[in-house]
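One structure below.
The values are calculated or read from the model by the stated rules, or taken from the named source; none is laboratory data. Note that the structure is a prediction, hence the values are computed from the model and not measured. Glycine also receives a Cβ, built like all others from the backbone with ideal geometry; neighbour counts cover every protein chain displayed. Keep in mind that these areas ignore ligands, DNA and RNA; they rest on the heavy atoms of the full protein, side chains included. Shrake-Rupley method; radii C 1.70, N 1.55, O 1.52, S 1.80 Å.
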Amino acid sequence: MEEMNFGIVAIVIACIVFIWIFLYFVPVGMWFTALLSNVRISLIQLVLMRWRKVPPRVIVQSLISSTKAGLKLNRDALEAHYLAGGNVPKVVNALISADKANMGLDFKTATAIDLAGRDVFEAVQMSVNPKVINTPPVSAVAKDGIQLIAKARVTVRANIRQLVGGAGEETVLARVGEGVVSSIGSAGSHKQVLENPDTISKVVLNKGLDSGTAFEILSIDIADIDVGKNIGAALQMDQANADKIIAQAKAEERRAMAIALEQEMQAKAQEARAKVIEAEAEIPKSIAEAFRSGNLGIMDYYKFQNIQADTQMRQGIVRTTEKSKESDIAKQK
């Protein structure tokens, strides 16, 4: 009896497994659902999808959704897109949304956008509902040297025709930042920019920044402008400090040259003084030699000393006179 019960259980399990395998490879329920939704697909095609490792549920549900929305999609094209690594549900949803919005998006363009790595459904939504991108703070300096820090809000709409090969948000933000810097830099005064910030938007919009990108710029609004540093004054101070350092270096060079010249002159004066002392030392010798040779008498020697004494006295009188004159001038002042 126990062996019989075990055999019955084994048979039941085997039947369940067989039915599960059969329904897995032959999705009758899915085929029936497609039939009720007016999607013509055979059981053999569903079985072949399993063998091609394409999930039938994805393809069937996509066909049902497109058929109900009034779109006629090819099953082979959907399978090929799935096998190429595409997201079939997003492509179908994007086609349905684009058809309702009368955007004229075809299946080939949608699959190309999806395979390019972009979210085609999000792109269609952005075409209908524009997106606002906040730029990071952009610093620029007006002609008067005052730094301004601006923040902008860029309203963009997806350009379906440029999504394949077009630049992304980073390029748009970089171009907008470049336009803001150029606009502020061309302003004569930072007060002009603060009084009319809309001039920045007009200048930037006229540059055609959305060329070659996957977006169409609808508007650029300056959200906030802050006054930063006085860059012009800081540069002038730096230049003045640099000039001061250069002037100090040149003055130090001239001082060193003057000291060297003074030392050289002192050395020459000492050398000349040494020669004078040496020459004066020769005078007594010459006088003695003149006495011995009889060329100089005692009376001549006395006359020579008197002349020297008179000369020294006159020099003393001259010095005293000059000092008294200087003293009188100082008193008058």
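Scanning the range 242-254 for any residue that is within 30 Å of residue 143 (Cα to Cα) and either open to solvent by 100 Å² or more (accessible area, probe 1.4 Å) or basic (Lys, Arg) (or both) turns up at least one such residue. Which ones in the range 261-290 are acidic (Asp, Glu) and under 60 Å from the mean Cα position of the chain (by Cα)? 262, 264, listed by residue number.
Among the conditions (1) surrounded by 18 or more Cβ atoms within 10 Å (Cβ to Cβ); (2) under 17 Å from the mean Cα position of the chain (by Cα), the only one that residue 204 does not satisfy is (2). Would you confirm whether any residue within the range 144-159 is within 19 Å of the chain's Cα centre (by Cα), within 15 Å of residue 207 (Cβ to Cβ), crowded, with 20+ Cβ neighbours inside 10 Å and β-branched (Val, Ile, Thr)? Taking every residue of the range 144-159 in turn, none turns out to be within 19 Å of the chain's Cα centre (by Cα), within 15 Å of residue 207 (Cβ to Cβ), crowded, with 20+ Cβ neighbours inside 10 Å and β-branched (Val, Ile, Thr). For first residues located in the range 28-45 and under 16 Å from residue 67 (Cα atoms) and part of a helix (DSSP H, G or I), partners that are at pLDDT 70 or above and open to solvent by 70 Å² or more (accessible area, probe 1.4 Å) and lie 6+ apart or on another chain with Cβ distances below 7 Å form the pairs 30/57. Please pick out the residue among 185, 212 that is open to solvent by less than 50 Å² (accessible area, probe 1.4 Å) and touching a Gly at 6+ places or on another chain (Cβ under 7 Å). So the residue among 185, 212 that is open to solvent by less than 50 Å² (accessible area, probe 1.4 Å) and touching a Gly at 6+ places or on another chain (Cβ under 7 Å) is 212. Considering every residue within the range 82-102, establish whether at least one is of a type in the set (Gly, Ala, Ser), assigned to a helix (DSSP H, G or I) and open to solvent by 20 Å² or more (accessible area, probe 1.4 Å). For the range 82-102, residues of a type in the set (Gly, Ala, Ser), assigned to a helix (DSSP H, G or I) and open to solvent by 20 Å² or more (accessible area, probe 1.4 Å): present. Looking at the range 215-228, can you tell me whether even one residue there is within 17 Å of residue 147 (Cβ to Cβ) and free of Cβ contacts under 8 Å to residues at least 40 places away in the same chain? The answer is no, given that none of the residues of the range 215-228 is within 17 Å of residue 147 (Cβ to Cβ) and free of Cβ contacts under 8 Å to residues at least 40 places away in the same chain. Scan the range 178-235 for residues that are in a strand (DSSP E or B) and more than 30 Å from residue 129 (Cβ to Cβ) and the total you get is 5. Annotation note: of 172, 124, the sole residue that is β-branched (Val, Ile, Thr), open to solvent by less than 70 Å² (accessible area, probe 1.4 Å), within 23 Å of residue 86 (Cα to Cα) and part of a helix (DSSP H, G or I) is 124.
When residue 164 is tested against the conditions (1) modelled with pLDDT of 75 or more; (2) out of contact with any strand residue (DSSP E or B) (no Cβ under 8 Å at 6 or more places or on another chain); (3) within 30 Å of residue 106 (Cβ to Cβ), the lone failure is (1). Taking every residue in the range 95-110 that is at positive phi and pairing it with any residue that is open to solvent by less than 40 Å² (accessible area, probe 1.4 Å), at least 6 positions away or on another chain, the pairs with Cβ-Cβ distances below 9 Å are 104/98; 104/160.
Each residue in the range 135-156 was checked for being part of a strand (DSSP E or B) and either in contact with a helix residue (DSSP H, G or I) (Cβ under 9 Å, 6 or more places away or on another chain) or over 19 Å from residue 170 (Cα atoms) (or both), and 12 of them qualify. Part of a helix (DSSP H, G or I) and either surrounded by 13 or more Cβ atoms within 10 Å (Cβ to Cβ) or aromatic (Phe, Trp, Tyr) (or both), is that true of residue 290? Considered against the rule, which asks whether it is part of a helix (DSSP H, G or I) and either surrounded by 13 or more Cβ atoms within 10 Å (Cβ to Cβ) or aromatic (Phe, Trp, Tyr) (or both), residue 290 comes out as yes.
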